[in-house]
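Each remark here refers to the structure printed beneath this line.
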Amino acid sequence: MTAQTAWAAAMTYDNRSDPYPFFAELRRTPVVQVADDVYVVTGYRELLALAHDPRISSDISRSPLVAHLTAGAEPAAGGAESQAPGSRRPSIIVSDPPDHDRARRQLLRHFGPPHSPDLIASTEPGIITLCNRLLDDIKTRESTGFDVVDDYAYPVPVTVICTILGIPLADEPTFHLWIRDLLTGVDLGPDGATDEGRARAARGRAAASALRHYLAELLERYRRQPGDGLLSNLINDTDGPDGPMSLEEAISNAQLLFVAGHDSTVNTIANCVMTLLRNPGSFELLRQRPELIPRAIEEVQRLQSAVQFFPSRSATDDIEIAGTVIPKGAAVHLMYSAANRDPARFADPDQFDPERPDNEHLGWGSGIHICMGGPLARLEVNLALETFLRRVRGPRLVKDPPPYRRSHIFRGPLHLMIDVDRIVD
Ligand code: HEM
């Protein structure tokens, strides 16, 4: 199998439930060319080096894939046409220093320590109540089966991020569909080049634009009349050293925080339940030893990497690494998912080991773009899993592998049907 065919297979929807054999194939050459101007990095050591290399840019306007990415919808960031060079202001995930660092600072002031030290911890009681309410609702049903994604994993992060940002949860039925279409619209694999793929890209473009308009209106309202939440604080900030964020930049970053702020957390909760149920004894082990839950979550992140890669990067210079020269201007995909199973770094990399020592995986990224929401996501997944372990008895997977969502970037089950013996109080 050539690197080109392995890459195409890894990106194909039919292989979404298990792209890992193709990543293993690609890893024979840890940095390899897969198309004219596209290089893929699957080795742990090489990825770590490149994630910290200033010659690797995240500025999407420099990427040869910019047209391709913005023809659909730029995922989890400003969205679609907003990323075209010279037009709207990009979000932090698709920009470089100094803009990246200044904007990340502006966002962080309203999200975490030292300026907002209590924000994340303050969500804890609400998350616990919500998790319990969801299980109470499921318990009242006739059926012993339910969908871990729709009935449990999704409502938690979406409620939390709406509260933090100040986005009305009542609008969920509308923005849920936009976000689904926006994420489905980006397809760098062979499916994206089909008529169906182009139709999905068009829907993604329309959805990204609708979401952008929605957030623009919301931010405008907050500018006229300040309210609760991060978005209002961001555009009305008069105390910070960098001042308030401009409306154009706030729209792109609002979209990033909104989408990144719940989508991958949903996938991670589902991945955790799926992994525990796939590995006999581990559900019981964690129920009896809940102190292992945080480590088990990291192990699931290593094994299933809810963000497989983020396709914005390119080389600003020729870079020689591991016997390959990445030419200046080429797109460079740092495949966190593949590096997380590099046998040169992790013993028995395909095995789930909730007590794995030295588990420094790359599931949250590495370098200046490392996930900004890691502490929040970890809290949500911990509480969701803890509650699930405590109350759900005898769970088993109905269908394995489950149906997957389309995205090859944000990978996770579309549904995860399980049967249970009972739900206790
Ligand atoms: C389990 C859930 C999550 C996973 C697996 C995850 C993973 C990641 C990864 C791998 C990156 C790096 C992207 C890159 O290399 O370009 C990233 C960036 C980011 N994430 Fe997360 N994330 C999660 C949850 C969250 C949450 C809850 C938020 C916000 C509330 C968030 C906000 C961000 C932001 C703003 C960035 C861009 C940071 C920058 O460019 O400086 N994420 N995330």
Could you check segment 293-316 and list, in sequence order, the residues that are of a type outside the set (A, V, I, L, M) and either closer than 20 Å to Arg45 by Cβ or within 11 Å of the ligand (Cβ to nearest atom) (or both)?
Glu298, Gln301, Arg302, Gln304, Ser305, Gln308, Phe309, Phe310, Pro311, Ser312, Arg313
If only one of Ile138, Ile128 is of a type outside the set (Gly, Ala, Ser) and crowded, with 18+ Cβ neighbours inside 10 Å, which one is it?
Ile138
Note on segment 141-179: residues in a helix (DSSP H, G or I), surrounded by 20 or more Cβ atoms within 10 Å (Cβ to Cβ) and away from the ligand (no atom under 16 Å from the Cβ) are Trp178
Taking the condition of being of a type in the set (Phe, Trp, Tyr) and in a loop (DSSP other than H, G, I, E, B), how many residues in segment 325-348 meet it?
1
If I ask for residues that are out of contact with any Gly (no Cβ under 7 Å at 6 or more places or on another chain) and either within 8 Å of the ligand (Cβ to nearest atom) or among the charged types (D, E, K, R) (or both), which ones from segment 97-111 would you list?
Asp99, His100, Asp101, Arg102, Arg104, Arg105, Leu107, Phe111
Is there any pair with a first residue in segment 258-281 that is among the polar types (S, T, N, Q) and a second that is at pLDDT 95 or above and part of a helix (DSSP H, G or I) whose Cβ atoms are under 6 Å apart and which are 6 or more apart or on different chains, and what are they?
Thr265/Pro157; Thr265/Ala377; Thr265/Glu380; Thr268/Val381; Asn271/Val300; Asn271/Gln304; Thr275/Val300
Right, Val266: surrounded by 24 or more Cβ atoms within 10 Å (Cβ to Cβ), among the β-branched types (Val, Ile, Thr) and more than 28 Å from Leu108 (Cβ to Cβ) or not?
no
What are the residues in segment 24-45 that are over 21 Å from the mean Cα position of the chain (by Cα) and within 20 Å of Leu303 (Cβ to Cβ), if any?
Ala24, Glu25, Leu26, Arg27, Pro30, Arg45
Do you know which of the residues in segment 356-387 that are on the phi > 0 side of the Ramachandran plot and more than 7 Å from the ligand (Cβ to nearest atom) is surrounded by the most Cβ atoms within 10 Å (Cβ to Cβ)?
Gly367
Is it fair to say Arg287 is touching a helix residue (DSSP H, G or I) at 6+ places or on another chain (Cβ under 9 Å), of a type in the set (Lys, Arg), part of a helix (DSSP H, G or I) and surrounded by fewer than 23 Cβ atoms within 10 Å (Cβ to Cβ)?
yes
So Gly329 fits all but one of (1) closer than 23 Å to Pro401 by Cα; (2) away from the ligand (no atom under 14 Å from the Cβ); what number is the exception?
(1)
Residue check: is Ile319 more than 17 Å from Leu47 (Cβ to Cβ) and touching a Lys or Arg at 6+ places or on another chain (Cβ under 9 Å)?
no
Find all pairs meeting these conditions: Cβ atoms under 6 angstrom apart; at least six residues apart or on different chains; first residue within segment 397-425 and among the basic types (Lys, Arg); second residue modelled with pLDDT of 95 or more and crowded, with 22+ Cβ neighbours inside 10 Å.
Arg405/Gly412; Arg411/Gln308
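The values are calculated or read from the model by the stated rules, or taken from the named source; none is laboratory data. Bear in mind the structure is a predicted one, so any value in this text is a computation, not a measurement. Counting neighbours? That spans all protein chains shown, and the Cβs are built from the backbone with ideal geometry, glycine included.
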